[in-house]
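Notes follow once the structure below has been shown.
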Amino acid sequence: MVNLSIAKKTAKPAAFACLALSLAVTSGCSLLPKEQEEETIPVIQAPKLTKKPDYPVKTGTLELTARGSGKLMATVEEDLYFTDETSRRIKNLLVKSGDNVEQGQVIAELDVTELESELKQKRLQTRKDELTMIETLRNADGKSAEEVEQAKITFELEREKLNKLENTISKAKLTAPFSGTIVSLYMKKGDSVKAYDAVATIADLSQLTVAATLSADDLKKVAVGMDVLVDINALGQHKGKVQKLPSPKKDGNNNGNGGYPDGYPGNGQKQPDSIENYLIVKLDQFPEAVDRGRPLSVTVITQRKENAILIPLTALRSYSGRNYVQVLEANGSKREVDVELGQQTPTEVEIVKGLTPGQKVVGR
């Protein structure tokens, strides 16, 4: 009995000690600082190298071209201008743009009022000189041969002055060289005009054609009969052939005046134009509902080669005069191959030697 009592007394403190220890441990854990969560670091992907494109070596048609621009013009079209070397004012302008005129109809007149007055006086003086000359010839027996000859020369000189004055006045009227339509006017009444300053443009609108201009270098490559692709504004593309080349300038040394005589062109005015100055293209089929002056572009095929071996220009490599390509093998490896070049366009190059169709070349 005694031992049991002692055991109970001993067990109670031990139980309390275990409970206290448990509470202490629990309390101690709650007092420790909370650990921070680890930062998530994104995985860095290694950059992928750009794969160079490869192209098949192929056969095709290689075309070399010359490009230019132009407009639709009448086959019979001409700028009208005065040729009087003296600058004068326009007295009358007898037409307006769009008027239909007949051949010989007066288009404009210069102010030559003073010359007309001078002409009347000159004609009277010439008539008087004629009477004097007749009297001189009647009394030639009383004069020396030299005196008679001198009188004749003086009379002819005065008559020549009269003819020149009449010619100047006659040129003061600008007339239509053929029946047609006044498509443009560049001056108005009262404007001062010099020789070769364009006054108006007359055209036969019943027949239009393609008129184009090319650079001097491109024009050297063009010949009559070459195929042409014409792109007419808002009317699509049309096929044709070169019908006529531009006429050469009148003066080969140019003189700073575009190859025209001295005095042409005038200063500050629209200059005479002519369809002779353009490359003329005859279309296989002329479109309907076209009007003069519509802008267009032309592509002349100056050279065409069938079954040419071609690669893109971006696949060609050059270094120190060497032309070569990188050929892609079936196993993915590459090897350099020297090539001999032929004709070249802005996008393709002909390979004369070094490659065969079906191979693949690597671009740059």
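See the values below:
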| read-out | value |
| --- | --- |
| Residues satisfying the stated conditions in the stretch 47-104, i.e. in a strand (DSSP E or B) and of a type in the set (Gly, Ala, Ser) | GLY60, ALA66, GLY68, SER69, GLY70, ALA74 |
| Condition broken by VAL230, with the remaining ones in (1) at pLDDT 95 or above; (2) part of a loop (DSSP other than H, G, I, E, B) satisfied | (2) |
| Qualifying residue in the stretch 91-109 (condition: of a type outside the set (A, V, I, L, M), without any contact (Cβ under 8 Å) to a residue 40 or more places away in the chain and surrounded by fewer than 13 Cβ atoms within 10 Å (Cβ to Cβ)) | no |
| Tabulated pairs, the stretch 125-154, first over 25 Å from LEU165 (Cβ atoms), second of a type in the set (Gly, Ala, Ser) and surrounded by 10 or more Cβ atoms within 10 Å (Cβ to Cβ), C-beta under 9 angstrom, 6+ apart or interchain | LEU137/ALA151; LYS143/ALA151; GLU147/ALA140; VAL148/ALA140 |
| Strands (runs of 3 or more DSSP E) within the stretch 269-334 that include 2 or more residues touching a helix residue (DSSP H, G or I) at 6+ places or on another chain (Cβ under 7 Å) and within 19 Å of THR61 (Cβ to Cβ) | none |
| Only one of LEU316, LEU310, LEU283 that is touching a Phe, Trp or Tyr at 6+ places or on another chain (Cβ under 9 Å) and in contact (Cβ under 8 Å) with a residue 24 or more places away in the chain | LEU316 |
| Odd one out for ALA108, checked against (1) outside any helix (DSSP H, G or I); (2) of a type in the set (A, V, I, L, M); (3) more than 30 Å from MET73 (Cβ to Cβ) | (3) |
| Top-ranked residue of the stretch 293-321 - restricted to ones that are aliphatic (A, V, I, L, M) and closer than 30 Å to THR201 by Cα, ranked as surrounded by the fewest Cβ atoms within 10 Å (Cβ to Cβ) | LEU296 |
| Selection status of VAL57, β-branched (Val, Ile, Thr), at pLDDT below 95 and surrounded by 13 or more Cβ atoms within 10 Å (Cβ to Cβ) | no |
| Breaking point among (1) surrounded by fewer than 13 Cβ atoms within 10 Å (Cβ to Cβ); (2) within 40 Å of the chain's Cα centre (by Cα), for ALA203 | (1) |
| Matching option when the condition is closer than 30 Å to GLY190 by Cβ, of a type in the set (Val, Ile, Thr) and surrounded by 14 or more Cβ atoms within 10 Å (Cβ to Cβ), among VAL112, VAL148 | VAL112 |
| Residue match in the stretch 132-143 (condition: under 60 Å from the mean Cα position of the chain (by Cα), of a type in the set (Gly, Ala, Ser) and in a helix (DSSP H, G or I)) | no |
| Residue in the stretch 341-363 that is assigned to a helix (DSSP H, G or I), in contact (Cβ under 8 Å) with a residue 12 or more places away in the chain and small (Gly, Ala, Ser) present | no |
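For (1) surrounded by 15 or more Cβ atoms within 10 Å (Cβ to Cβ); (2) at pLDDT below 95; (3) among the charged types (D, E, K, R), each residue gets a yes or a no:
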| position | (1), (2), (3) |
| --- | --- |
| ASP291 | no, yes, yes |
| ASN323 | yes, no, no |
| GLY332 | no, yes, no |
| GLU350 | yes, no, yes |
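The values are calculated or read from the model by the stated rules, or taken from the named source; none is laboratory data. Remember, it's a predicted structure, so these values are computed and weren't measured experimentally. Every residue, glycine among them, receives a Cβ derived from its backbone with ideal geometry; neighbour counts consider all protein chains shown.
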